[in-house]
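Read-outs throughout are calculated quantities, based only on the coordinates presented, and are distinct from any laboratory measurement. Just so you know, these numbers come straight off a predicted model, no measurement behind them. Quick reminder, even Gly has a Cβ in these numbers, built from the backbone with ideal geometry, and neighbours come from all protein chains shown.
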Ligand SMILES: Nc1ncnc2c1ncn2[C@@H]1O[C@H](COP(=O)(O)OP(=O)(O)OP(=O)(O)O)[C@@H](O)[C@H]1O
Ligand SMILES: [Mg+2]
């Protein structure tokens, strides 16, 4: 296309653009509708057939209604995507441009969801529902899952609590100007950061508790391992936080006659802690999931964590719904925490702006 | 020894007769290969206002920070009330309790209120009971005209107000000496006056001060002694008006003509 187009009078282009403006709203509406059809349709079908029994779920998945819904939603979505992507460049205003893009993206999501599900329900739905969505078998195990969730939280909570305290102490050593003080702590941190948590867990339990006869239950050994591991990671988080506080803060404190440790305690650490709360909370979310490694130690019935409850349920009943339920259990715990991290981050950011930092 | 008796022992207590409050002898400071201070000798007696002026990078801040040992001289000695505080056996925290320092960038503690900024060292260094510390902190804030801002955080204060809180924070310790490092340089011209007014009053009350500044009017009117530094040495010193009106050294003349 090397041909130079004949120059259009600007007014004509503007008129052309003005004409395509309503298309933005149209594609947004169609895209939104498509996604609503797909998601709402799935909900509607399951509501109609019920999800308590696996055969009903299978029936829902194989129903004509779902097929129709997915096809029509997918097609609508594809249409919205084509319209939106085709027109967003020549939209006259920022708003109509955003509308076209939103419609295209929503439509694309509807089309992909619809098509993927269409492909999926061609498979053996009876077998799928029996193996993954057999919630009847889970309901009687409700208590075990609840207990598992509690154990997971206790393990992660205790590990995080002791780990953070350890990490704070270690971090103060890592910023020492004396190499002899820094070195051993660095060795510790690097050992724990450089080896798998599973290995640490095994060494501490099988090595210490069973091998050397140190009197320790698998549960205690696990809390110890999680604490030591979290200590190493949070030490690095605290170190970064402390080093992010301007050097002048330390000088102002020392200039008033406060000692080094006093300055740390009353001036540097309180400011650093605010900055490291979000990353520490993220560590906590990671630890919640990592507590599942305790499954390798062999736990008594009451000590089982969420993952162990799920996996033992699977071995007992040969049904993967136990894994699904265990996964849902983790989400129930972690999703609110993830939300909380986002909220805290926002709060702290606005606080710090207020504090002129 | 009881604390009351301790209060009379160095570094507390009066300046011994015939001895300056601060004496610097042959101070050299190297930052790696950079020779920043090249042999500084200086005496400061109680009640004096020593003003330090000089070109940017001439080592004024470094010199000031050597006085309270935030920066350790590479060689040379700093004497406080007759004792050498570069001696490693000296407890610098005790010495710094008797010196205040105010920085160009205020360096208030952002997580504490104006009041909390002042009471921290009163409680943790002077071991004052909380009520007494708050009382003194309030008095110091009133003194710099900020009584109504006691419960504001630094982020809620203007630059001039923050700097006055920083001055109050230093004053509250009742130091023998306060060091000011270009405390008005980060302020809008409108806010400079309010801070200078506070410093001028301190000088008239007989506070001993070392003031690094670019405010030549202040240097001339308030200073009792003036030092002009260039490239790590004291080029010229004397009574401020005399130096301003009749500079002896060519470098001083050039500097003064560039800033006046
Ligand atoms: N911590 C440090 N490490 C390395 N070099 C430094 C350090 N502090 C200061 N310097 C250098 O020492 C020299 C003198 O610095 P100083 O801050 O004392 O100057 P100044 O007279 O206060 O200048 P200004 O008027 O700009 O504040 C400068 O060249 C500076 O770069
Ligand atoms: Mg300076």
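Computed quantities for the displayed model
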| quantity | calculated |
| --- | --- |
| Dmax and Rg, reported as Rg then Dmax, of the protein assembly as shown (C-alpha, Å) | 35.7, 106 |
| 5 Å-binned pair-distance histogram of region A:155-208 (Cα, whole percent) | 4, 17, 18, 25, 20, 10, 4, 1 |
| Per-residue mean of C-beta atoms belonging to partner chains within 10 Å, peptide A:256-266 | 6 |
| Over region A:41-110, volume per residue of the alpha carbon convex hull, in Å³ | 76 |
| Label zone at residue B:93, where the point sits 7 Å out along the Cα-to-Cβ direction: region A:149-173 residues whose backbone N lies under 20 Å | A:169-173 |
| Length added when fully stretched, residue B:131-residue B:245, from 0.36 nm per residue minus Cα-Cα | 36.0 nm |
| Gyration tensor (alpha-carbon) shape descriptor, region B:1-118, a/c threshold 1.5 | oblate |
| Mean Cα-pair separation over length for region A:18-133, i.e. relative contact order, pairs under 8 Å, 6 or more apart, % | 42 |
| Range of Cα positions in chain A per principal axis (Å), largest first | 76, 63, 39 |
| FRET efficiency estimate (nearest 0.05) - Cβ-Cβ, residue B:41 to residue B:257, R0 35 angstrom | 0.80 |
| Principal-axis tilt of helix A:64-87 within chain A, Cα atoms, nearest 10 degrees | 90 |
| Cβ-based exposure ranking for B:192, A:26, B:211, in which fewest neighbours within 10 Å come first | A:26, B:192, B:211 |
| Chain A: angle of helix A:321-354 to the longest principal axis, Cα-based, in degrees nearest 10 | 80 |
| Gyration tensor (alpha-carbon) shape descriptor, chain B, a/c threshold 1.5 | oblate |
| Other protein chain Cβ atoms within 10 Å, averaged over every residue that makes up B:112-124 | 3 |
| Average Cα contact separation per residue, chain A, under 8 Å, 6 or more apart, as relative contact order % | 17 |
| Helical contribution to [θ] at 222 nm, DSSP H n ≥ 4, -39,500 (n - 2.57), averaged over chain B, rounded to 500 | -10500 deg cm²/dmol |
| Global form of region A:94-250, assessed from the alpha-carbon gyration tensor, a/c cut-off 1.5 | oblate |
| Additional length obtainable on full extension of the chain from residue B:31 to residue B:75, 0.36 nm per residue less Cα span | 14.6 nm |
| Helical mean residue ellipticity (222 nm; -39500 (n - 2.57) per DSSP H run of 4+; nearest 500) of chain A | -26000 deg cm²/dmol |
| Estimated FRET transfer efficiency (residue A:346, residue A:51; beta-carbon r; R0 41 Å; 0.05) | 0.70 |
| Helix A:269-290 axis, angle to chain A major axis (alpha carbon atoms, nearest 10°) | 70 |
| For chain A, built as a Gaussian network whose Cα springs stay under 10 Å, the top-fluctuating residue of A:95, A:37, A:169 | A:95 |
| Rounded FRET efficiency, nearest 0.05, which uses the C-beta distance separating residue A:98 from residue A:122 and R0 of 56 Å | 0.90 |
| Chain lengthening between residue A:177 and residue A:161 when straightened (0.36 nm per residue, less Cα-Cα) | 3.0 nm |
| Among B:157, B:179, B:44, residue whose mean-square fluctuation peaks in a GNM of chain B (springs only between Cα atoms under 10 Å) | B:157 |
| Against the rule of thumb 2.2 N^0.38 Å, how large the Cα Rg of region A:119-197 comes out | 2.02 |
| Residues B:123, A:12 arranged by fewest to most Cβ contacts within 10 Å | A:12, B:123 |
| Sorted by Cβ density within 10 Å, fewest first, the residues B:198, A:187 | A:187, B:198 |
| Counting DSSP beta bridges with both ends in the protein assembly as shown, the antiparallel % (nearest 5) | 55 |
